[in-house]
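Read through the structure below, which is laid out as structure tokens, and then see the notes.
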Amino acid sequence: MNKTLLAEFTAREGARDEVARLILEYAKKVREEEGNIAFDVYTRSASPRAFWIFEVYRDEDAFQAHLKAPYGGPFNAALVPLIEEDASVLTFLDPVT
């Protein structure tokens, strides 16, 4: 079963462009992961500092491998001072069947 989630965070005032640069660089790496199916980056139309990342992984093992990727820690360390939240807010999603 796929592992699907939505990651949300809000760039601090004046940090939107740097956050966008960081997340787009990170997205390139994540999309190359063997178990990644989707890593789509969005902003809210009415609030361009609000980022939403829709992520889909092949299964739980692929998601765990993603969490252990060597570039994840440095990305999060660079991101946290630039966002309003303490970290990305993760919402795990299940399909309606």
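With both labels modelled 7 Å from their Cα along Cα-to-Cβ, the Tyr42 to Asp17 distance reads 2.6 nm. Looking at Gly72, Ala27, Pro48, which one has the Cα that reaches farthest to the positive end of the dipole of region 12-80 (charges on Cβ: Lys, Arg +1; Asp, Glu -1)? After comparing all options, I get Pro48. Rolled with a 1.4 Å probe across the full set of protein chains, the surface gives Leu90 an accessible area near 90 Å².
Write out the GluC sites (Glu not before Pro) in the chain meeting two conditions: DSSP loop, and at most 13 other Cβ atoms within 10 Å of their Cβ. Walk me through the numbers on the way to the answer.
Values: sites: Glu8, Glu13, Glu18, Glu25, Glu32, Glu33, Glu34, Glu55, Glu60, Glu84, Glu85; in loops: Glu13, Glu32, Glu33, Glu34, Glu84, Glu85.
Listed in order of number, the matching sites are Glu13, Glu32, Glu34, Glu84, Glu85.
Taking every protein chain into account, the 1.4 Å probe leaves Val41 with about 40 Å² of accessible area, to the nearest ten.
Per-atom-type breakdown for the chain gives carbon and sulfur 54% of the accessible area (1.4 Å probe, protein chains only).
The values are calculated or read from the model by the stated rules, or taken from the named source; none is laboratory data. None of the values given here were measured: they were computed from a predicted structure. Virtual Cβ from ideal backbone geometry, glycine too; neighbours counted across all protein chains shown. Note: areas computed on protein heavy atoms with side chains; ligands, DNA, RNA excluded. Shrake-Rupley method; radii C 1.70, N 1.55, O 1.52, S 1.80 Å.
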